[in-house]
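Contents: one structure, followed by commentary.
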Amino acid sequence: MPRIEHAVADDLESLCGLLAAVNLPTEGLPEHLGSALVARDGDDVVGCVALEVYGDTALLRSLAVVPSRQGTGLGRLLTQA
């Protein structure tokens, strides 16, 4: 199973590519990169999730898993993390 860890600035291009591949918007992601998590398989980003935090409320955004890993429970693990 891939490891889940905090996204870093170098992940932004991979995250935008993943979101575009699954038809999710990328606008606003750079501003919320600090709350993003990525799932990595080796050096490859195979999933992601982020939060838009507004005070004591947050919006789950940018939850995506590469098509070859969909249906494996990775999205659930990212949501729980």
Open item on the list: Using only Cα atoms and rounding to the nearest 10 degrees, what angle (0 to 90) does helix 12-21 make with the longest principal axis of the chain?
Closed with: 70 degrees
Task: Cβ-based net charge around VAL53, under 12 Å, with every Lys or Arg adding one and every Asp or Glu removing one - done: -2
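Taking 0.36 nm per residue of separation and subtracting the Cα-Cα distance, what length does fully extending ALA9 through THR57 add?
14.9 nm
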TODO: Pull out a ≥ b ≥ c, the square roots of the eigenvalues of the alpha-carbon gyration tensor of the range 1-71, then state rounded if a/c is under 1.5, prolate if not and a/b is larger than b/c, and oblate in the remaining case.
DONE: prolate
- [ ] Find, among the GluC sites (Glu not before Pro) in the range 13-53, those assigned to loop by DSSP (not H, G, I, E, B) with at most 15 other beta-carbon atoms within 10 angstrom.
- [x] GLU27
Open item on the list: I want to make sure I understand the PRE zone here: with the label point 7 angstrom from the Cα of ALA81 toward its beta carbon, which residues in the range 20-41 have backbone N atoms less than 17 Å away?
Closed with: 33-41
TODO: In a Gaussian network model over the chain where Cα atoms closer than 10 Å are linked, find which of VAL66, VAL38, VAL49 has the largest mean-square fluctuation.
DONE: VAL66
Task: Rounded accessible area per residue of the chain, 1.4 Å, Å² - done: 60 Å²
- [ ] Could you grab the relative contact order for the chain? Cα pairs under 8 Å, six or more apart, rounded to a whole percent.
- [x] 29 percent
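The values are calculated or read from the model by the stated rules, or taken from the named source; none is laboratory data. As the structure is a computational prediction, the values presented were derived from the model and not from experiment. Cβ atoms come from the backbone with ideal geometry, glycine included; neighbour counts cover every protein chain shown. Quick note on the areas: whole protein, heavy atoms, side chains included, nothing else; ligands and nucleic acids left out. Shrake-Rupley method; radii C 1.70, N 1.55, O 1.52, S 1.80 Å.
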